[in-house]
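Worksheet: the structure to be examined is printed underneath.
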Amino acid sequence: MQENATQETAMQETAVQETSVQKNDSVRTALVTGSSRGIGRAIARRLAGDGMVVAVHYGKDAEAAQETVEMIVRDGGRAFSVGADLATHDGVRALVEGVRAGLAAHTGEAVLDVLVNNAAATTSGGHLADETPERFDRVFAVNVRAPYFLVQGLLPVLRDGGRIINIGSAVTRIALADELAYAMTKGAMETFTRTLANVVGERRITVNTVSPGPTRTEGLIAAMAAMPQLEGMLIGGQALPWVGRPEDIADPVAFLASEDGRWITGTVIDASGGTYLGPKR
Ligand SMILES: NC(=O)c1ccc[n+]([C@@H]2O[C@H](COP(=O)([O-])OP(=O)(O)OC[C@H]3O[C@@H](n4cnc5c(N)ncnc54)[C@H](OP(=O)(O)O)[C@@H]3O)[C@@H](O)[C@H]2O)c1
């Protein structure tokens, strides 16, 4: 345990050394919550590839977050990791403080350009009959309360003209009985997106949601391995003929984060390859 902790500290110090920069007015910065793996990792790598210094947030898996940082550094980018459990309000406060301190250490000032609310509890109790108040509260805490208060805590350091990008889900337009509470959290985030866009628009900050359909992250990869016919079933229900990859989500996020996305706000961009659009013939 002690040895692991020492190794982890040493790895983090290496990353700090490799990624530290002097204050530079042209440097852009991003926080991607839940970028230790999956879609968040792809977004962090893409934004770092576009020249941003990226705060790689994780919940439990510090090692995976460090891998994301190392991938970014190997590709010539700059990043640092910050851990915080978003199921608690203390965790949200710790993330705000950690990001401010990390940005100051890595760029010379605590200024954020892009906030990507990606982290989510992706499973709740399932069907209505099986749900519990504890699991229901947890999925809302991580997926709705945390992004709400993260925005509140980081708005003072978000640059005018900055970006808030929420990762939603196609489950808000497709009724999946086994994901009821989870789907409700994503619906709440769409409402947050629209209303918040009006709240922060005077500062030229845009707020949007990018909504994936089934995407090849750990959960879906395991499900496809356990059920080989699943891939064909998913593709059969989509307009486009492949199962979404994390990069298919990262690219529209990068577009919204760029100058080219400046006039788009308060909207939901479906990035699901046309999942469940209707009968094909
Ligand atoms: N994959 C899909 O098919 C799909 C489809 C539609 C929408 N989405 C949405 O896309 C986003 C990313 O999904 P994904 O599949 O990439 O997720 P994932 O592989 O399950 O990764 C989730 C990420 O969120 C973090 N996280 C989870 N609970 C947390 C907590 N309590 N506190 C702090 N961090 C926490 C995890 O950190 P640690 O591992 O370090 O704990 C991890 O980095 C989510 O918003 C999800 O709802 C995904």
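Only the coordinates and a few stated rules stand behind these numbers; no lab work does. This is a predicted model, so every value here is computed, not measured. Positions of Cβ are generated from backbone atoms using ideal geometry, with glycine treated the same way; all protein chains shown enter the neighbour counts.
Data overview
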{"item": "For peptides 217-228, 202-213, sequence by mean Cβ density within 10 Å, most packed first", "result": "202-213, 217-228"}
{"item": "Percent of beta bridges antiparallel (DSSP, the range 108-210, rounded to nearest 5)", "result": "0"}
{"item": "Among 235-245, 37-47, the order from most to least packed when residues are scored by Cβ within 10 Å on average", "result": "37-47, 235-245"}
{"item": "Relative contact order computed over the chain (Cα-Cα under 8 Å; 6+ residues apart), in percent", "result": "17"}
{"item": "Length-normalised contact order for the range 197-271 - Cα pairs under 8 Å, 6+ apart - percent", "result": "51"}
{"item": "Highest to lowest packing among 28-34, 72-78, scored as the average C-beta count within 10 Å", "result": "28-34, 72-78"}
{"item": "Gyration tensor (alpha-carbon) shape descriptor, the range 24-150, a/c threshold 1.5", "result": "prolate"}
